[in-house]
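Here the structure comes first, spelled out in structure tokens, and everything after it is commentary.
Read the figures in this text as sums done on the coordinates, not as results from a lab. The structure displayed is predicted, hence computed values, not measured ones. Here the Cβ positions follow ideal geometry from the backbone for every residue, glycine too, while neighbour counts run over all protein chains shown.
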Amino acid sequence: MRAVAAFPPVRATRGPSKYLDVWDLPDDQVIELPLNSMHQPFDEGARAFTGFLGTIAQNPHMCPIRYLNWKDILEELKEECWRLVEQKYVVSTNPTAYAEDWDVLVDHWYTEDTVIESEKNRDPHSKQEDLHTAGSCSFAVHAAKKAKVDERPIERARVQHYIQYCILVKMDLQLIL
């Protein structure tokens with residue numbers, strides 16, 4: 001018979017990570033940020049990159065708390081944040097491709113069929129409880145780890161099943177302990 005814990009175990013932590021290794025990087029060094037085919041960071045550097053972005057967002061001089069929405073932040077502050085990211089990371093971008101894709105995407109959003117479908121899906125989406133179950137790693141990171149283990153790419157539809165399996169295994173281990 002297995003013992004079932006009344007409360008989930010509390011993770012022992014040492015406080016928030018400050019990503020000092022990234023902040024203290026010498027000016028002549030940058031970190032290569034690998035991106036997958038969907039331009040998402042993956043592999044080992046993805047977690048450090050998103051954590052570093054979090055430290056920028058928590059910096060009151062770069063992202064003042066009085067702005068409740070990123071759209072409201074002054075352009076100068078956004079540019080300062082981006083300059084800092086470019087000082088620490090090599091982020092490959094192709095602005096021309098994004099601009100072309102953006103025009104196509106916006107045109108698609110405003111088609112009558114898309115507007116109707118969006119309104120139809122809004123209510124069920126608001127009732128979802130588990131929007132993201134991958135933990136602190138993004139789906140792209142989980143997919144990269146699984147592809148490395150299997151030595152072949154994983155289909156996007158299979159990533160969610162893999163993550164759910166990992167969560168069940170982890171929960172089972174916690175219940176046993």
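Expressed in nm to one decimal, what extension gain is obtained for the pair S37 and L25 from 0.36 nm per residue of sequence separation less their Cα-Cα distance?
Contour length minus the Cα-Cα distance gives 1.5 nm.
Please work out how much length the chain gains when fully extended from W102 to K18, using 0.36 nm per residue of separation minus the C-alpha to C-alpha distance, in nm with one decimal. Could you put the intermediate results ahead of the total?
On the way: separation 84, 0.36 × 84 = 30.24 nm, distance 3.42 nm.
Taking 0.36 nm per residue and subtracting the Cα distance, the gain is 26.8 nm.
In nm, to one decimal, how far is the H161 label point from the E86 one, both placed 7 Å along Cα→Cβ?
Each label point is offset 7 Å from its Cα along the Cβ direction, giving 4.3 nm.
Amide H of Y89: which non-local residues (sequence gap of 5 or more, or other chain) have their own amide H closer than 5 Å, using H built in the peptide plane?
Counting only residues 5 or more places away or on other chains, the set is I31.
Work out the FRET efficiency for K71 and N121 from their Cβ-Cβ distance, taking R0 = 25 Å, and round it to the nearest 0.05.
0.60
Show which aspartates and glutamates lie in cross-link reach of K145 when reach means a straight Cα distance below 14 angstrom and same-chain residues fewer than eight apart are skipped.
Excluding near neighbours in sequence, the set is D43, E44, E155.
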